[in-house]
Amino acid sequence: MALALSVLAQAACVATAPSVPAAREPVRVSNGGQPFQMWEGALARKAADAACGGAVNVSIYDRFDRGTGEWVYPGGCA
């Protein structure tokens, strides 16, 4: 009985990451709230991987949005 209660208590403590975008929702990343520069693609990719909790889907359609200073990954999270 005590083991079952322990397992239930541990299961209740599992946290979800609400900030992780949906799998096919485009991921847009900025540099800590500030705009990236166009040449900071490698840094933006690391930020996108972190926003996805592991990996972002990369493709030939990834782009820099000059208007907002964000890098956009249309493939969403992996």
Segment 29-44 residues that are in a helix (DSSP H, G or I), paired with ones that are modelled with pLDDT of 95 or more (beta carbon under 6 Å, 6 or more apart)
44/29; 44/36; 44/71
Boolean, residue 21 is in contact with a strand residue (DSSP E or B) (Cβ under 9 Å, 6 or more places away or on another chain), open to solvent by less than 60 Å² (accessible area, probe 1.4 Å) and modelled with pLDDT under 95
yes
Of the conditions (1) modelled with pLDDT of 55 or more; (2) open to solvent by less than 80 Å² (accessible area, probe 1.4 Å), the single one that residue 9 does not satisfy is (1)
Scanning segment 49-78 residue by residue, the ones that are of a type in the set (D, E, K, R), in contact with a Phe, Trp or Tyr (Cβ under 8 Å, 6 or more places away or on another chain) and not in a loop (DSSP other than H, G, I, E, B) total 3
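The values are calculated or read from the model by the stated rules, or taken from the named source; none is laboratory data. Predicted, not measured: the structure shown is a model, and the values here were computed from it. FYI the Cβ positions are ideal-geometry reconstructions off the backbone, even for glycines, and counts take in every protein chain you see. Please note that ligands, DNA and RNA were not included when accessible areas were found on the heavy atoms of the full protein model with its side chains. Shrake-Rupley method; radii C 1.70, N 1.55, O 1.52, S 1.80 Å.
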